[in-house]
Amino acid sequence: MRPLHVAIALLPLAVAPSVAGAIDAATIVRQGNGKGAAPCMACHGVAGGGMAVNGYPRLAGLDAAYIQRQLDDFANGTRANPVMQPNASALDEDERAALAKYYGALPLPAHAAVAPPIDGDGAKLATSGDWSRGLPACVQCHGPGGVGVGVNFPPLAGQGAAYIASQLRAWQQGTRRNDPLQLMQHVAKRLTPQEVDAVAGWFAAQPLPARKGAP
């Protein structure tokens, strides 16, 4: 039997692997992972609120499964983006899962919204669609006011207009194609450039849903 002091000295070696293997999502957000992934906060903000003026989306409070699926799709090339693809590819599966849970648990940021006129093109397409062109209302999938529905239909309310518009154009151009049943590709291709901007602006102005909780 080893002396007690020897056993105590060996104890840190026994627990070190599990501690070293723990994934600290907050550290990756602030500093990157040291393996090629840049700090998430550089584009998505300290609290995950995004940078609307630059077209970087809010991640705080999004469905964690949705975030993880997007990170996985960036990593495997299903979703194209010159910034996100190399960063997601530099994250391993556990890191992507940890980041998704981290951002999903963050509280929604403050958002002062003033909705555009209800009779505008953006409001009409968002709330009623245009069935003469096979365009369903956006809220049929994305929920009332664009609050989001589960893993497949993310919140649009309060998301930056530049980001929403860029994604609609990505669906149109086929550079984004990770939608269920190619629904968004069909919808986006029926929108004119002016309608893309109008819908994006309407959703960007909608209030965020009230939510309790903290990371």
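The values are calculated or read from the model by the stated rules, or taken from the named source; none is laboratory data. The model shown is predicted, which means the values in this text are computed figures rather than measured ones. Note that we place each Cβ from the backbone using ideal geometry, even for glycine, and neighbour counts take in every protein chain shown.
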**Request:** Looking only at the range 136-173, count how many residues are outside any helix (DSSP H, G or I) and either in contact with a helix residue (DSSP H, G or I) (Cβ under 7 Å, 6 or more places away or on another chain) or closer than 19 Å to residue 123 by Cβ (or both).
**Result:** 17
**Message:** under 24 Å from residue 148 (Cα atoms), outside the structural domain of residue 162 (by TED's automatic domain parsing) and of a type in the set (Val, Ile, Thr): is that true of residue 46 in this structure?
**Reply:** yes
**Request:** Return the total of residues in the range 176-188 being closer than 25 Å to residue 119 by Cβ and in contact with a helix residue (DSSP H, G or I) (Cβ under 7 Å, 6 or more places away or on another chain).
**Result:** 1
**Message:** Going residue by residue through the range 106-113, is there one that turns out to be touching a residue at least 12 places away in the same chain (Cβ under 8 Å), out of contact with any Ser or Thr (no Cβ under 9 Å at 6 or more places or on another chain) and closer than 24 Å to residue 186 by Cβ?
**Reply:** no
**Message:** Need pairs with beta-carbon distance below 9 Å; first residue in a strand (DSSP E or B) and within the range 65-87, second modelled with pLDDT under 95 and not small (Gly, Ala, Ser); sequence gap 6+ or separate chains.
**Reply:** 79/175; 79/176; 79/177; 79/178
**Asked** Are there any pairs with C-beta distances below 8 angstrom linking a residue in the range 177-189 that is in contact (Cβ under 8 Å) with a residue 40 or more places away in the chain to a residue that is crowded, with 16+ Cβ neighbours inside 10 Å and part of a helix (DSSP H, G or I), with the two at least 6 apart or on different chains, and if so which?
**Response** 177/171; 177/185; 178/69; 178/70; 178/73; 183/141; 187/171
**Request:** Name the one entry in 42, 14, 20, 38 that is modelled with pLDDT of 95 or more and either crowded, with 19+ Cβ neighbours inside 10 Å or assigned to a helix (DSSP H, G or I) (or both).
**Result:** 42
**Asked** If only one of 108, 168, 125, 181 is aliphatic (A, V, I, L, M), buried (at least 20 other Cβ atoms within 10 Å of the Cβ) and more than 23 Å from residue 61 (Cβ to Cβ), which one is it?
**Response** 125
